[in-house]
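Report on one structure; see the data block that follows.
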Amino acid sequence: MGMSESVSAAKQVDRLPAHAQPYSTITMIRTMAFALIISSSIRTTAGFSQRGGARLNRNSSKVSMSFFDDMASNFQRAFSTDSGSQYYTVGITGASGMLGSSLIDELEKQQTVNGKPVRIVKLSRSENVGTKTLGDDAITTLSWNPKATSAETVIEPEALDQIDAIVHLAGENVATGLGPLGFVGLRPWTDAKKAEILDSRVGPTRGLAKAIAASKTPTSFLVASGVGVYGSDFIGDAKPAVDESMDVSSTTGFLTDVSREWEAAGQDAGKNRVVNCRMGVVLSKNGGALAKLFPIFFLGGGGNVGSGNQYFTFISARDAARALVHTLTTPSLKGPVNVCSPEPCTNAEFTSAFGKVLSRPTILPLPGFVVSLLFGEMGDEMLLGGVRATPGKLSNSGFEFQHPTIEEALQSAVDETI
């Protein structure tokens, strides 16, 4: 193959449909590699006897083709986000939670991902994954086993081969305790609760990652993490805002340790794209922290927590869902990605904005010592501590927020059904 033929082959690939290009690219790489091998063989033959040279060239060709096959396979996994199906299939763990429900709502609104009809697979916990072939339903359910110890038993391999991306949102609630009164959240971080928070994230994430690594087709792996990885000492303006470039290897705190181990577990996905979605506090009246605060503020009982100077990194549920879909469709986004508003605020600014949105007074503060007494370590880290993070990668990739300010995000939370 000459240079003009190589250029012609490249143009042929450019004219292929988007979903076919990754596989055609592999074919082109193999063809060009074979041409190089033949060329090398012709040059080598000139220096050897006809019989010995032929034997050497045949062995060299086999080794070289194996090398280029491996290179092409790695190229496919690194840059392709397509399973070859007529659908773009998204598997979601934690699909019934507030963020999972918001993501499903957004996917249904957008209808297509990467130019294909979207197919949503709710991944449901079960110790028996069974066998199932995904059909043509827009929303379907598939079992996965978060306690499985081998890649083959985490999720049905043939079904996984049909999934383009897994968005992993499942994990034990960090703001509630164990037992029948755990929902109250009084001093919730017992040793048993902390172990549950960590184990519910690290083990299942590693299991899914290994299953994805063993899959025959490339699968993007979006794993929820938290901005808590940056620490909780962002009080007042003494410490500037941070983005994904910050070194988090030595930050301290329980949630910091959880986030680090959580993110490390996802790296077992091999050559597939892994995104650690460092979530800010997702604002929705249907779940999370805001759902607990809503009735208090609505009744006029809202006020600053502690000094009110601790920073609060947030995102509206709608923007969070939109950001996850944007990440699905943007292959350049990988590694840690802050999923949060570009304008973090203080607790005092949050309190004032929420009172304004609800047209309620916010004059009943919650003193710091009361927070420590009632909520213990969780209160010190999550309520009195603060995080001031910004979405560097997300903004640089072209994502546009609908609710960048705290007042807009809170208004969205009150108005939206998600």
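The values are calculated or read from the model by the stated rules, or taken from the named source; none is laboratory data. Note that this is a predicted model, so its numbers are computed, not measured. With ideal geometry, Cβ positions are generated from the backbone for all residues, glycine too; neighbour counts draw on all protein chains shown. Note: accessible area is taken over every heavy atom of the protein model, side chains too, but ligands, DNA and RNA are not part of it. Shrake-Rupley method; radii C 1.70, N 1.55, O 1.52, S 1.80 Å.
Data table
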| quantity | calculated |
| --- | --- |
| Segment 161-236: trypsin sites (Lys or Arg not before Pro) in DSSP loop, at most 13 other beta carbons within 10 Å | Lys216 |
| GluC sites (Glu not before Pro) within segment 351-416: DSSP coil, no more than 11 neighbouring Cβ in 10 Å | Glu400 |
| Per principal axis, descending, Cα span of segment 169-325 in whole Å | 56, 41, 31 |
| Stretch gain in nm, segment Ala214-Ser249, where the contour uses 0.36 nm per residue and the Cα spacing is subtracted | 9.7 nm |
| Burial ranking of peptide ranges 246-253, 116-123 (average Cβ count within 10 Å, highest at the top) | 116-123, 246-253 |
| Heavy-atom accessible area ranking, 1.4 Å probe, most first, across His168, His326 | His326, His168 |
| Rounded Å value of the spacing that divides the Cα centres of segment 232-285 and segment 310-346 | 12 |
| Added length on full extension, which subtracts the Cα-Cα distance from 0.36 nm per residue, Asn286 to Ser395 | 36.6 nm |
| Mean separation of Cα contacts under 8 Å, 6 or more apart, over the residue count of segment 240-372: relative contact order % | 33 |
| Probe 1.4 Å - accessible area at Asp233, Å² to nearest ten | 90 |
| Tyr230 - accessible surface, heavy atoms, 1.4 Å probe, Å² rounded to 10 | 0 |
| Surface share of carbon and sulfur [accessible, 1.4 angstrom probe, percent] for segment 81-150 | 42 |
| Coil-residue GluC sites (Glu not before Pro) of segment 103-212, DSSP, other Cβ within 10 Å capped at 13 | Glu127 |
| Val223 accessible area, 1.4 Å probe, all protein chains in place, Å² to nearest 10 | 0 |
| Percent breakdown of C-alpha pair distances by 5 Å bin, ordered from the shortest bin, for segment 285-418 | 2, 11, 18, 21, 19, 14, 9, 5, 2, 0 |
| Tally of Lys pairs whose C-alpha atoms are under 26 Å apart, taken over segment 86-245, 8 or more apart or cross-chain | 15 |
| Accessible area expressed per residue, segment 217-341, with surrounding protein chains retained (probe 1.4 Å, Å²) | 33 |
| Full-stretch length increase - Phe298, Lys239 - with 0.36 nm per residue and alpha-carbon distance subtracted | 18.0 nm |
| Solvent exposure ordering (accessible area, 1.4 Å, most first) of Leu99, Leu394 | Leu99, Leu394 |
| Computed over segment 274-314, Cα set: Rg, Dmax in Å | 13.0, 44 |
| Principal axes of segment 126-224: Cα extent on each, largest first, Å | 45, 26, 24 |
